[in-house]
Amino acid sequence: MAHFLIIGAGIGGLTAAHALLRQGHTVRVHEAAPEIREVGAGLVLGANAMRALHELDLHAAVRPLGTPVTLLHLLDQRGRVLQRADTTPFTRAVGFDNLGIHRAALQHALLRHLPPGTVQTGTAFGHFTAQGATLTAHFADGRTATADALIGADGIRSRVRRQLWPRAEPRYAGYTCWRAVVAAAELNLPAGESAEVWGDAGRRFGYVPVGGGQVYWFACLNSPQPRNPKFQAYSPADLQRAFGAFPDPVPQLLARTGSHQLLWNDIQDLPPLAHFAQGRILLLGDAAHATTPNLGQGAGMAVEDAAVLARCLASSPTDIAAAFRAFERRRRSRTARVVRTSWHLGRVGQVANPWLVSLRNHVMKLLPDSVARQQMAWLYEEL
Ligand SMILES: Cc1cc2nc3c(=O)[nH]c(=O)nc-3n(C[C@H](O)[C@H](O)[C@H](O)COP(=O)(O)OP(=O)(O)OC[C@H]3O[C@@H](n4cnc5c(N)ncnc54)[C@H](O)[C@@H]3O)c2cc1C
């Protein structure tokens, strides 16, 4: 059995730790943050991700913390239905729900079920060195740790990736996004239903239940530049001005949001990489294939990565480099497809030109449900 170092205790790093421990390897996860705090808003874990969690014996720990999402309504700015996607045929075939969940709840569940001491916080990875069969990670505070293999699960700005492939850079998608999770039980939103409102002028708003009467919402606006100073100080009141005329429950969700609950991120992804593995070093999760959030599959892909990594190591237990190469072969095309599809979907959703907006809405309305379903079927295919 081998000793692994994982850099990053996000969804990818923690699920990978579970996958490796189950196979009898020893694992140490190094996280830069001084503590695992409640960061992030909501997530949808697709049935594909729930199946992967099941494969890692984590489904039972996660499933009660969220709520099933069965319907996605796509609406125009006046509340007219453009499309209505019932995901039940997929989830029934896969055997697992699509789950709306708070990211913090998911991360804590993954953390809680690891043996104490597996995760070391406050250790920011700086670089690695290799000597013979030993890899050494060097941390910002001068400490080091050695291992047989190193996994970079350190997110879209991965330092592990930067050392391996310094030219791979995130790209800005042209829009910026606010998110929050709010208590909204008294709105009595229909159970299991989520919606996206595609407005004019590059305005988009979506919401999804995450359980316990809480609703996760996101609001996107076009912005020619990232870190736009105009948006830096945006408050819920500013968002009310931008989205207040959107259909219910958009204004009500914004009205329930305090400034302290608001998260703001420019939307970015990572153009697909040619490699995820180099020798006994591997990238996974956002470090390897960060995607725009339009398919709701970023965390799902990280969870799938962990399940596939477990399979690859089980088939090649004594040759980690071979297992990592097999992982790369199995994951590159699927994750690249998610990245590309999500990027294009985002461009359609953020269209600003009024003619294109009405053309888009017209096409979406005419698109038969069966075609829309067909376009999504690949996401749920067996890994
Ligand atoms: C607006 C938005 C909406 C989204 N919605 C969804 C959704 O509905 N469904 C879905 O599946 N996904 C969604 N995602 C994506 C999802 O959040 C990410 O894909 C997922 O969290 C990636 O997990 P990760 O572990 O790979 O990376 P991260 O969550 O970024 O974790 C990386 C970890 O590494 C740590 N780290 C970074 N650098 C270092 C270092 N040098 N040393 C040590 N530690 C380090 C970080 O502190 C962090 O804890 C969304 C993302 C956004 C921005």
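Those helices (runs of 4 or more DSSP H) of the range 268-383 in which at least 3 residues are under 18 Å from the mean Cα position of the chain (by Cα) and among the hydroxyl-bearing types (S, T, Y), considering only elements entirely within it, cover 320-349.
Of all residues in the range 63-84, those that are among the hydrophobic types (A, V, I, L, M, F, W, C), buried (at least 18 other Cβ atoms within 10 Å of the Cβ) and in a strand (DSSP E or B) total 4.
Candidates are the residues of the range 161-203 that are of a type in the set (S, T, N, Q) and farther than 18 Å from G42 by Cα; the one that is nearest to the ligand (Cβ to nearest atom) is Q163.
All conditions in (1) modelled with pLDDT under 95; (2) closer than 20 Å to V208 by Cβ hold for H59, with the sole exception of (1).
Residues are listed down the side, and each one gets a yes or a no for (1) in a helix (DSSP H, G or I); (2) under 18 Å from L295 (Cβ atoms); (3) within 17 Å of the chain's Cα centre (by Cα):
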position	(1), (2), (3)
A19	yes, no, no
R28	no, no, no
A32	no, no, no
E35	no, no, no
L43	no, yes, yes
M50	yes, yes, yes
H54	yes, no, no
D57	no, no, no
A61	yes, no, no
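Quick one: in the range 144-157, which of the residues that are over 17 Å from A321 (Cβ atoms) and within 12 Å of the ligand (Cβ to nearest atom) is surrounded by the most Cβ atoms within 10 Å (Cβ to Cβ)? The selected residue is A153. Looking only at residues of the range 113-143 that are at positive phi and free of Cβ contacts under 8 Å to residues at least 60 places away in the same chain, we find that the one that is nearest to the ligand (Cβ to nearest atom) is G142. Condition (residue is small (G, A, S), within 10 Å of the ligand (Cβ to nearest atom) and surrounded by fewer than 24 Cβ atoms within 10 Å (Cβ to Cβ)) applied to the range 12-20: is it met by at least one residue? No - not one qualifying residue is present in the range 12-20. The single condition from (1) near the ligand (Cβ under 10 Å from one of its atoms); (2) in contact with a Pro (Cβ under 8 Å, 6 or more places away or on another chain) that I101 fails is (2).
The single condition among (1) on the phi < 0 side of the Ramachandran plot; (2) surrounded by 15 or more Cβ atoms within 10 Å (Cβ to Cβ) that G202 does not satisfy is (1). Does V39 qualify as being under 19 Å from the mean Cα position of the chain (by Cα), within 11 Å of the ligand (Cβ to nearest atom) and not in a helix (DSSP H, G or I)? For V39, the condition - under 19 Å from the mean Cα position of the chain (by Cα), within 11 Å of the ligand (Cβ to nearest atom) and not in a helix (DSSP H, G or I) - is met.
Here is a yes/no grid of residues against (1) buried (at least 23 other Cβ atoms within 10 Å of the Cβ); (2) within 16 Å of the ligand (Cβ to nearest atom):
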position	(1), (2)
D266	no, yes
L273	no, yes
D286	yes, yes
A302	yes, yes
T318	no, no
T335	yes, yes
L366	no, no
V371	no, no
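Given the residues Q278, Q297, which is the only one that is under 20 Å from S333 (Cα atoms), within 14 Å of the ligand (Cβ to nearest atom) and touching a helix residue (DSSP H, G or I) at 6+ places or on another chain (Cβ under 8 Å)?
Only one candidate passes the filter, namely Q297.
The values are calculated or read from the model by the stated rules, or taken from the named source; none is laboratory data. Note that this is a predicted model, so its numbers are computed, not measured. Note that each Cβ is placed from the backbone with ideal geometry, even for glycine, and that neighbours are counted across all protein chains shown.
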